[in-house]
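Heads up, the thing below is written out as structure tokens.
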Amino acid sequence: MNANPILLQKKYSRVIEKFAQKAGISLDDALGFFYHSIVYQLVREGVSDMHCMSDAYLAEELYMEYTKK
């Protein structure tokens, strides 16, 4: 299932903001990391309906990916 592109963009911005706060990094750094992350790829491709997950869940997944690198 594919989500509306406009709604996805809004979701991305909320997730990036939560991730930046959790990781203690700037929004620019969070944005750069997000668009090169596995989480972004999965959401964009609609894998396992990742776009339906909460913003907090996706931010946590990003944070876990971030701390592993």
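The values are calculated or read from the model by the stated rules, or taken from the named source; none is laboratory data. Bear in mind that the values here come from a model prediction, so they are computed numbers and not experimental data. No Cβ is skipped: glycine too gets one built from the backbone with ideal geometry, and neighbour counts run over all protein chains shown.
From the list A23, A59, A3, A30, which one is at pLDDT below 95 and of a type outside the set (V, I, T)?
On inspection, the qualifying residue turns out to be A3.
Scanning region 31-58 for residues that are assigned to a helix (DSSP H, G or I), surrounded by 12 or more Cβ atoms within 10 Å (Cβ to Cβ) and touching a Leu at 6+ places or on another chain (Cβ under 8 Å) yields a total of 7. A single entry from R44, R14 fulfils the requirement of being within 9 Å of the chain's Cα centre (by Cα) and not hydroxyl-bearing (S, T, Y): R14. When residues in region 1-30 are screened for being surrounded by fewer than 14 Cβ atoms within 10 Å (Cβ to Cβ) and in a loop (DSSP other than H, G, I, E, B), 5 of them pass. Restricting attention to region 12-57, the residues that are in contact (Cβ under 8 Å) with a residue 40 or more places away in the chain and in contact with a Lys or Arg (Cβ under 8 Å, 6 or more places away or on another chain) add up to 2.
Tallying residues that are of a type in the set (F, W, Y) and more than 21 Å from P5 (Cβ to Cβ) within region 34-56 yields 0. Go through region 1-11 and report how many residues are touching a residue at least 24 places away in the same chain (Cβ under 8 Å) and either in contact with a Leu (Cβ under 8 Å, 6 or more places away or on another chain) or within 16 Å of A56 (Cα to Cα) (or both). Selection size over region 1-11: 2.
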